[in-house]
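> Before I ask anything, let me first share the structure, which is written out below as structure tokens.
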Amino acid sequence: MPPFARPPQAWPERAIVREVGLRDGLQSISRVLPTEQKRQWIRGAWAAGQREIEVGSFVPARLLPQLADTAELVAYARTLPGLAVSVLVPNLKGAELALEVGADLMVMPLSASHAHSLANLRKTPDEVVAEVARIRAARDASGSQCLIEGGVGTAFGCTLQGEVKPAEVLRLMQALLDAGADRVSLADTVGYADPRMVGELFSQALALVGDKLACGHFHDTRGMALANCLAALQLGVQRFDASLAGIGGCPHAPGASGNVPTEDLAFMLTSMGVSTDIDIPDLLALRQQVAEWLEGETLHGTLWRARLPRTFAGAVA
């Protein structure tokens, strides 16, 4: 072996890129995208090979008119074969709506930062845990197979509170599972994480909850999102949230540049030999379509500028 060389990394063979642009992305911009264009986005993502899409959130329309058509989008998305349809729910009422329309997965957000939790959800973290217990009881009583995912946000720090201790993040993850969540995820809501932080916290989380840790959600506020995805991938994490054109962010993260771009993440994974089942040229074509719908909005990402390298399998000459 040459000097300083390392043995090849045993990457996971497959990874899932869950599209969250229709929720996390659109809720962060003032424009209200017509329902028909959202349907086209969902179908385009499905046609490009994505099989998990978060189509919206059951929050009051007066608060987020951008997401007022979530029920219609769930109904449409459920007509596409093999597509797992997820929604975000902030409380029991939202969960009841998700159960009513037949969502496959509902994500209940919890901020590990006490200050962020009060600002974002008007509940303490432990009050959110108690709400998850009520949601689990409602889910079981309905006979639904809808999964409950507890999304632990501000896991690496908070613009309002500052430090968020790893021990508190781990405590809340376990509390969510004890309350009835089927699985949990970790989110760098305000873009404070770096790869070392991701490696350390995800290692501890995996040791605690194992395969109940289902997903990594990284914001690209400081340009670290792809590197942070890679750090989690090295530990065996195989599902990542991403947003087409990198739209999204957090109202409590000034200057935020959004989520990890779906197209950049899919390209990185595919280029590394990690199968995503995503057709990158089709995804780039969808990005162009969405960019036209969102003309004037700030979009992100880099692959769309340079396009695919000629050495990349599937590149268009």
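> Quick one: length gained pulling Leu118 to Asp140 fully straight, 0.36 nm per residue minus the C-alpha distance? Don't skip to the answer; put the middle values down first.
Details: separation 22, 0.36 × 22 = 7.92 nm, distance 2.82 nm.
Using 0.36 nm per residue and subtracting the Cα-Cα distance, I get 5.1 nm.
> In addition: Any chance you could list P(r) for segment 204-309, counting all Cα-Cα pairs in 10 angstrom bins from zero, rounded to whole %?
P(r) for segment 204-309, in whole percents per bin: 14, 43, 32, 9, 1.
> Among Phe312, Phe218, Phe267, rank each residue by its count of other Cβ atoms within 10 Å, from fewest to most, as a rough exposure measure.
Phe312, Phe267, Phe218
> Dipole of segment 16-306 (Lys/Arg Cβ +1, Asp/Glu Cβ -1, origin at the Cα centre): which of Leu92, Ala103, Gly216 lies farthest to the positive side?
Among Leu92, Ala103, Gly216, the one farthest towards the positive end of the dipole of segment 16-306 is Leu92.
> Further question on the same structure: List, in order, the whole-Hz ³J(HN,Hα) value for each residue of segment 60-73 obtained from phi through the Karplus relation with A = 6.51, B = -1.76, C = 1.60 and θ = phi - 60°; use x for Gly and Pro.
Values per residue, Gly and Pro as x: x, 4, 5, 8, 9, x, 4, 10, 5, 9, 4, 4, 4, 6 Hz.
> What distance in nm separates the simple spin-label points at Glu297 and Ser275, each placed 7 Å from Cα in the Cβ direction?
Here the answer is 3.3 nm between the modelled labels.
> Could you size up the charge dipole of the chain around its Cα centre, putting +1 on the beta carbon of Lys and Arg and -1 on that of Asp and Glu, and report it in debye to the nearest 20?
About 200 debye.
> While we're on this one: Tell me, in nm to one decimal, what length is gained between Glu200 and Arg305 on full extension, where the rule is 0.36 nm per residue of separation less the Cα-Cα distance? Could you put the intermediate results ahead of the total?
Values: separation 105, 0.36 × 105 = 37.80 nm, distance 3.35 nm.
Gain on stretching Glu200 to Arg305: 34.4 nm.
> Could you derive backbone 3J(HN,Hα) for segment 200-217 from the dihedral phi with the Karplus parameters 6.51, -1.76 and 1.60 (θ = phi - 60°), listing whole Hz in sequence and x where the residue is Gly or Pro?
After applying 6.51 cos²θ - 1.76 cosθ + 1.60, I find 5, 6, 5, 4, 5, 5, 5, 5, 7, 10, x, 6, 6, 7, 9, 7, x, 10 Hz.
> Measure off 7 Å from each Cα along the Cα-to-Cβ vector at Gln288 and Phe312, then give the distance between these two points in nanometres to one decimal.
Distance between label points: 1.4 nm.
> Right, another one. Could you work out how much longer the chain between Arg78 and Glu100 gets when fully extended? Use 0.36 nm per residue separation minus the Cα distance between them, nm to one decimal.
Between Arg78 and Glu100, full extension yields an extra 6.6 nm.
> Suppose a student asked you for the relative contact order of the chain, using Cα pairs under 8 Å spaced at least 6 residues apart; what percent would you report?
20 percent
> Which three extents, in whole angstrom, do the alpha-carbon atoms of the chain cover along their principal axes, largest first?
54, 49, 38
Read-outs throughout are calculated quantities, based only on the coordinates presented, and are distinct from any laboratory measurement. Quick caveat: nothing in here was measured; it's all calculated off a predicted structure. All Cβ positions, even for glycine, are placed from backbone atoms using ideal geometry, and neighbour counts span all protein chains on display.
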